[in-house]
Amino acid sequence: MRPPSYKAIVDEYAAAIRSGALPAGTRLPTHRALARERRIALATATRVYAELGAAGLVTGEQGRGTFVRVQAGYDGIEPSRALPVPRVADLSFNQPLDPEQGDLLRRALRALAGSGDAEALLRQHPPGGHRHDRATVARYLLDRGVDTAPENVLLTSGAQQALDCVLRTLTRPGDVLAVDALSYPGIKLLAAAHHLDLAPVPVTPAGPDLDALDRLCRTRPVRAVYTVPTVHNPLGWVLDRAQRDRLATLAAAHDCTLIEDGTYAFLEAAPPPPLHALAPDRTCYVAGLSKNVAPGLRFGFAVLPDRHLPAAATQLRAAAWGAPGLTTALATGWLADGTVTRLEHRRRADAAARQRLARTALAGLAVTAHPTSYIQWLTLEPHQRADHVAALLAAEGILISTADAFATSPHHPNAIRLALATPPLAALPTALQRLRDAIESIAP
């Protein structure tokens, strides 16, 4: 009898998983066992599991094997927002808001409506914004250690568009982008959209493995390095001065550009100098106001070296031109009058309070977190599968994110990320206790 093609095997397994004939958590044969059983090459067996993994049907765990995943839809880069029961808490996405921000917005809009030339807000702004608005951002960035001329600042519709603009400017399809093995999910989306080759750098408790990055740059043509040196998402680290100096040295030695994401940097009260201060001619700095002000305020900025500015302005013009005039006026007004700085101080205090609650609720579990951030990384025991935990919590109305969303390498750690900013502070202990109960309910 002729052995079945690998596609037929994929379809057979997929049907069995979707029908429930192979329930969640089932350990599948090893690659070698599958090859023997189905009389196919080992490489073909590996391809079968790769396709099932890409379809979200199985997951491979290093040293343990391949397992059928829970088909609940609450993991990955874009978890389902629909729950089978009324929502209790969203621990999957940080949407920090201050109780006073509604009044702040009303006052700001009234002031804009009463300004001398309100119609100017409806006119087209130049790509990257007017110089006086860029100067406001440049003055604000001085407090973050980023010393730049207004001409080097481009205003965008959020930090994600700033990052998109930088990648469009620096890279071409097929270029190698070095990135932490666990990193911000948005970089994965952009790399896929721009057909970039993501090269994961192993992580340590204190930051990326810079020796591994050096070896990577020696063996592959790395075009750029995406890094989150201050309050990393999802691991919370703050790179020390020596690590930052070495990153700058590696960028110069291997002729590549650093893309520094400062989105959560405001949560560290006294960080070391940003990479931009150490290597301004080789660093593109991106950030925005979604985490320190409001997620719905889509206002971001990119700081680029002189040589990249013309191309970046062209990329902005081709994509979305930049930040809308009304949003820019609102954001720069709050930057200029100190509102953003005041909100950042309150965010740090709020994040610290939430971390204290979480440390108490999850005491004894393997948690990694910065003390004043909105993120916790929770590593699970081998028998506590992350997708199973996510499904149990979804059944109780609680959303979380699994490690799949953050992994840039084929190995996905058995872990979950908790976003602490969205639930009301008073409701957070109950949500975290339910999380702990779900984890501990899974027997070895």
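The values are calculated or read from the model by the stated rules, or taken from the named source; none is laboratory data. Worth saying up front: this structure is predicted, and the values here are computed from it rather than measured. So basically every Cβ, Gly included, is an ideal-geometry build from the backbone, and we count neighbours across all protein chains shown. With ligands, DNA and RNA removed, areas are computed over all heavy atoms of the protein, side chains included. Shrake-Rupley method; radii C 1.70, N 1.55, O 1.52, S 1.80 Å.
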Calculated from DSSP helices alone, with each H run of at least 4 adding -39500 (n - 2.57) and the total divided by the residues of the chain, [θ]222 nm to the nearest 500 comes to -12000 deg cm²/dmol
Report the charge-dipole magnitude of the chain in Debye, nearest 20, computed about the Cα centre from +1 at each Lys and Arg Cβ and -1 at each Asp and Glu Cβ.
-> 720
Please go through the range 94-136 and write out the trypsin sites (Lys or Arg not before Pro) that DSSP classes as loop and that have at most 10 other C-beta atoms within 10 Å.
-> 123
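Ignoring any ligand, DNA or RNA, what whole percent of the accessible area of the chain comes from carbon and sulfur when the probe is 1.4 angstrom?
Working: 10700 of 19110 Å².
After summing per-atom areas, the C and S share lands at 56 percent.
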Report, in whole Å, the centroid distance computed from the Cα atoms of the range 291-334 and the range 364-442.
-> 33
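Under 8 Å for C-alpha pairs, at least 6 residues apart: give me the relative contact order for the range 301-426, rounded to a whole percent. List each step's numbers first, then the result.
Values: 103 pairs, mean separation 24.3, N = 126.
Rounded, it is 19 percent for the range 301-426.
Could you tell me the calculated FRET efficiency between residue 26 and residue 211, based on Cβ-Cβ distance and R0 = 35 angstrom, to the nearest 0.05?
Working: r = 39 Å, r/R0 = 1.11.
With R0 = 35 Å, the Cβ-Cβ based efficiency is 0.35.
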Gain upon complete extension [residue 307, residue 120; 0.36 nm per residue less C-alpha separation] | 64.2 nm
Quote the accessible area belonging to residue 7 in square angstrom, nearest 10, computed with a 1.4 Å probe and with ligands, DNA and RNA left uncounted.
-> 100
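Return a whole-number percent for the relative contact order of the chain, with Cα pairs under 8 Å and 6 or more residues apart as the contact set.
On the way: 797 pairs, mean separation 97.3, N = 444.
Averaging sequence separation for qualifying contacts and normalising by length gives 22 percent for the chain.
Given a 1.4 Å probe, how much area per residue of the range 197-247 is accessible, in Å²?
Per-residue value: 40 Å².
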Pulled fully out, how much extra length does the chain show between residue 379 and residue 105, if you take 0.36 nm times their separation in residues and subtract their Cα-Cα distance?
-> 94.7 nm
